[in-house]
Amino acid sequence: GNSVTQMEGPVTLSEEAFLTINCTYTATGYPSLFWYVQYPGEGLQLLLKATKADDKGSNKGFEATYRKETTSFHLEKGSVQVSDSAVYFCALSDRNSGYSTLTFGKGTMLLVSP
Amino acid sequence: NAGVTQTPKFRILKIGQSMTLQCTQDMNHNYMYWYRQDPGMGLKLIYYSVGAGITDKGEVPNGYNVSRSTTEDFPLRLELAAPSQTSVYFCASSPGQGNQPQHFGDGTRLSIL
């Protein structure tokens, strides 16, 4: 079956540091890949997505590139802010489910200090 | 600008009690989902629906039931609450298949004592 593996957190950074959160996946066929973000006390929000190999998703300074050869979708940001503190989830959907359901990783907590 | 609305936000139940978690969306989305989120475990899909009158099991359906009589509403029923069902429950909706993002409610925090 499908699975998503994320690096364990928490990831603790100082403001303006570079961020990488690793995500690798196992899936049949050609999945679509997503990063969602969850701020404290809220539901998840879509951060970015990529639907085919070599696509780069980007939003709010965050980027992730769909790497089929390494089955990875690592999240990066050049300069984090305190307001980026949240839990980040990598997820995929695939043709087996008709692209109608998502498989989530366990989430990675990011803590940014001033 | 409501989006996905879940009620209640918090609830404490005794073992063996039953309750319904309510979810409604005002975006006319066909697809709706129920997830549970346990600490350090990500989100697990309980049930989902691709349209009114159609529901299907997800990864962890045991102990839960759902119905979808309208496009807007997708309630989740716990018949005999057990401590293992202590969790945060999220409802989500999306326009349909393909790469459409899911829109989430703010969650219901449920404790079974």
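The values are calculated or read from the model by the stated rules, or taken from the named source; none is laboratory data. Since the structure is predicted, the reported quantities are computational estimates derived from the model, not experimental observations. Please note: Cβ atoms are built from the backbone with ideal geometry, for glycine as well, and neighbour counts cover all protein chains shown.
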- [ ] Please find, among A:GLU69, A:GLU76, A:GLU42, the residue that is at pLDDT 95 or above and surrounded by fewer than 19 Cβ atoms within 10 Å (Cβ to Cβ).
- [x] A:GLU76
TODO: Determine if the stretch B:36-49 includes at least one residue that is among the polar types (S, T, N, Q), within 30 Å of A:ASP55 (Cα to Cα) and either in contact (Cβ under 8 Å) with a residue 12 or more places away in the chain or part of a strand (DSSP E or B) (or both).
DONE: yes
TODO: May I ask you to list pairs of residues, at least six apart or on different chains, whose Cβ atoms are under 6 Å apart, with the first in the stretch B:53-78 being within 17 Å of A:SER100 (Cβ to Cβ) and the second being in a loop (DSSP other than H, G, I, E, B) and not charged (D, E, K, R)?
DONE: B:ARG68/B:ALA52; B:ARG68/B:PHE74; B:THR71/B:ALA52
Task: Of all residues making up the stretch A:6-56, the number that are over 21 Å from B:VAL88 (Cα atoms), within 11 Å of chain B (Cβ to nearest Cβ), out of contact with any Gly (no Cβ under 6 Å at 6 or more places or on another chain) and not aliphatic (A, V, I, L, M) - done: 6
Open item on the list: Go through (1) buried (at least 16 other Cβ atoms within 10 Å of the Cβ); (2) modelled with pLDDT of 95 or more; (3) over 16 Å from B:GLN22 (Cα atoms) for B:SER94 and report which single condition fails.
Closed with: (2)
Open item on the list: Show me the strands (runs of 3 or more DSSP E) found entirely inside the stretch A:1-105 where at least 1 residues are without any contact (Cβ under 8 Å) to a residue 60 or more places away in the chain.
Closed with: A:19-21, A:23-26, A:32-38, A:44-50, A:56-59, A:62-65, A:75-77, A:86-93
